[in-house]
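Everything below concerns the one structure shown next.
Just so you know, all these numbers are worked out from the coordinates, no wet-lab data involved. On a predicted model such as this, the values are computed, not experimentally measured, just so you know. Here Cβ is always computed from backbone atoms with ideal geometry, including for glycine, and neighbour counts include all displayed protein chains.
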Amino acid sequence: MNSAPEHAENRFDASGVTGADALKQAFRSHPAGVALITAMTEDGPVGLTASSVASVGIDPPAIAFSVTRATGSAGGVLNADTHLVHLLDSRHAAVAQAFAVSGSERFTADQGWAFLETGEPYLRAARVALRCRPLHTLGVGSSVVVVAEVLGAVFGETADPMVYVDRRFHTLSPGAQ
């Protein structure tokens, strides 16, 4: 039987780290997969890096992600009828970084972009790109949570997985212990 200290609940008050600072500190050391979300708008392609993508269910097939602010690239993704969620691997750290920084060069020929017949910008070297349409959105402060139906996928070659932890992209080597 696992026994907890009698007054463990007091630790939450005594730590001195609360609210947003507690959340940031907790998730800074929690590895997350890296995705690139792209869409086509009237003004052209938009995209952003996200570490909040998660599988939701299979009936309907759905994922969820969140974006901060409903302006710029995030606004473009939120207002698009469809978008692509590229699940990135270790080959794409530079692209992920470019799309994580406002004002960086995006959708360059060197990054390897194409467009699907349906118009969305597609990173050809991605291990998988999920074509999605939004089902629900939920505003949470300055963020928006999106639940999207997966309409289909384009699969490519795979490489070592990549995660985001402590504000950096890291390669995971599957056999390393």
If all Cα-Cα distances of the chain are sorted into 10 Å bins from 0 onward, what percent lands in each bin, rounded to whole numbers? 9, 34, 33, 15, 7, 2, 0
For region 85-165, take N as its residue count and report Rg(C-alpha) divided by 2.2 N^0.38 Å. 1.19
Summed residue charge, Cβ within 14 Å of R167's Cβ, Lys/Arg positive, Asp/Glu negative: +2
By the gyration tensor of its Cα atoms, with a ≥ b ≥ c the square roots of the eigenvalues, what is the shape of region 31-104: rounded for a/c under 1.5, prolate for a/b over b/c, or oblate? oblate
Place a point 7 Å from the Cα of A32 along the Cα-to-Cβ direction; which residues of region 46-81 have their backbone N under 11 Å from it? 49-54, 65-68
Theoretical gain in end-to-end length, E117 to Q97 [0.36 nm per residue, Cα-Cα removed]: 4.5 nm
